[in-house]
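Asker: The following block contains the structure, expressed as structure tokens.
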Amino acid sequence: MQPNYEEYLNNHPVYQHIKELRGEDRFHDDVDSINILRLFFPATVKELVLGLSDITSTFYGLLLLETAKRYGNDGINAISRSAAFEIGRRKAEQALVIDPAIPRDACGICNVFISAIYVSSPEYKINVTTYQSDEVTLILTGTDRYHRSAQMLNLTEHITWPILTPFFYGVCSAWHISYQADLHVKELDEHSRCRYNIHITRK
């Protein structure tokens with residue numbers, strides 16, 4: 001282990017928040033571990049979160065690209081929608097563990113969606129304009145990282161935007177409730193800047 005490596009870590013602000021994940025790292029004496037941290041370890045929480053976001057969206061795009069190579073473009077949208085649905089279902093199940101009293105209605109669906117944004121999509125900005133048990137409306141703005149990744153790989157024309165719609169139905173499936181989610185693209189430009197209007201209502 002490099003001299004002063006632990007001391008350097010103890011003074012690293014981001015590392016202190018996630019040291020339980022990195023605390024067992026060990027390096028050969030020939031490895032300049034401090035320099036590796038200086039060069040590659042996120043210097044701020046913002047840098048960490050955006051880096052994770054970039055990896056996630058890149059994985060999404062490359063998975064769809066490989067799908068296109070193997071099975072043609074027709075399967076891309078189906079896999080994209082299936083993934084979003086499954087993520088919604090799993091996030092809904094996790095939400096019940098975190099908050100067993102979460103309302104299983106439009107408000108609860110909105111809460112699960114916000115939880116997903118918090119942990120994985122920092123480029124989105126949320127504006128909830130109506131918040132009732134049988135109706136929620138929100139405006140999502142910012143950068144659509146999935147569109148950005150798909151655009152870099154020339155896949156956007158094969159995908160229904162936004163890809164988020166099935167997420168809401170995944171939540172409904174997990175909770176065995178019946179709600180409608182309407183997502184309208186108000187803006188989605190070549191820089192993946194977006195504005196989505198989302199309306200959740202009871203069926």
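The values are calculated or read from the model by the stated rules, or taken from the named source; none is laboratory data. In this text, all values refer to a predicted model and were calculated from it rather than measured experimentally. Neighbour counts are summed over all protein chains in view; Cβ atoms, including those assigned to glycine, are modelled from backbone coordinates with ideal geometry. All accessible areas refer to the heavy atoms of the entire protein, side chains included, with ligands and DNA or RNA removed. Shrake-Rupley method; radii C 1.70, N 1.55, O 1.52, S 1.80 Å.
Asker: Within the stretch 142-159, can you find the residues that are among the hydroxyl-bearing types (Ser, Thr, Tyr) and in contact (Cβ under 8 Å) with a residue 40 or more places away in the chain?
Answerer: Result: Thr143, Tyr146, Ser149.
Asker: Sticking with this one: Only one of these conditions is not met by Val49: (1) β-branched (Val, Ile, Thr); (2) closer than 18 Å to Arg148 by Cα; (3) surrounded by fewer than 16 Cβ atoms within 10 Å (Cβ to Cβ). Which number is it?
Answerer: (3)
Asker: Still on this structure, I have one more. Got a number for residues in the stretch 172-187 being buried (at least 17 other Cβ atoms within 10 Å of the Cβ) and touching a strand residue (DSSP E or B) at 6+ places or on another chain (Cβ under 6 Å)?
Answerer: So the answer is 4.
Asker: Go through the stretch 55-81 and count every residue that is of a type outside the set (S, T, N, Q) and open to solvent by less than 70 Å² (accessible area, probe 1.4 Å).
Answerer: 10
Asker: Also, quick follow-up: Tell me, please, whether a residue that is among the hydroxyl-bearing types (Ser, Thr, Tyr), assigned to a helix (DSSP H, G or I) and surrounded by 14 or more Cβ atoms within 10 Å (Cβ to Cβ) can be found in the stretch 82-98.
Answerer: No, every residue in the stretch 82-98 fails to be among the hydroxyl-bearing types (Ser, Thr, Tyr), assigned to a helix (DSSP H, G or I) and surrounded by 14 or more Cβ atoms within 10 Å (Cβ to Cβ).
Asker: Okay, moving on. Which is at pLDDT below 75 and out of contact with any Ser or Thr (no Cβ under 6 Å at 6 or more places or on another chain), of Glu6, Glu20?
Answerer: Just a single option satisfies the conditions, and that option is Glu6.
Asker: Okay, moving on. Restricting to the stretch 99-120, name every residue that is in a loop (DSSP other than H, G, I, E, B) and open to solvent by 60 Å² or more (accessible area, probe 1.4 Å).
Answerer: Passing the criteria: Asp99, Pro100, Ala101, Arg104.
Quick grid of which residues meet (1) of a type in the set (A, V, I, L, M); (2) open to solvent by 60 Å² or more (accessible area, probe 1.4 Å); (3) within 15 Å of Val112 (Cα to Cα):
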{"position": "Arg148", "(1), (2), (3)": "no, yes, no"}
{"position": "Met152", "(1), (2), (3)": "yes, yes, no"}
{"position": "Thr156", "(1), (2), (3)": "no, no, no"}
{"position": "Ile159", "(1), (2), (3)": "yes, no, no"}
{"position": "Gly170", "(1), (2), (3)": "no, no, yes"}
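Asker: Run down Ile79, Ile55 and say which single residue is within 21 Å of Arg145 (Cβ to Cβ), without any contact (Cβ under 8 Å) to a residue 60 or more places away in the chain and in contact with a Ser or Thr (Cβ under 9 Å, 6 or more places away or on another chain).
Answerer: Matching residue, one of Ile79, Ile55: Ile79.
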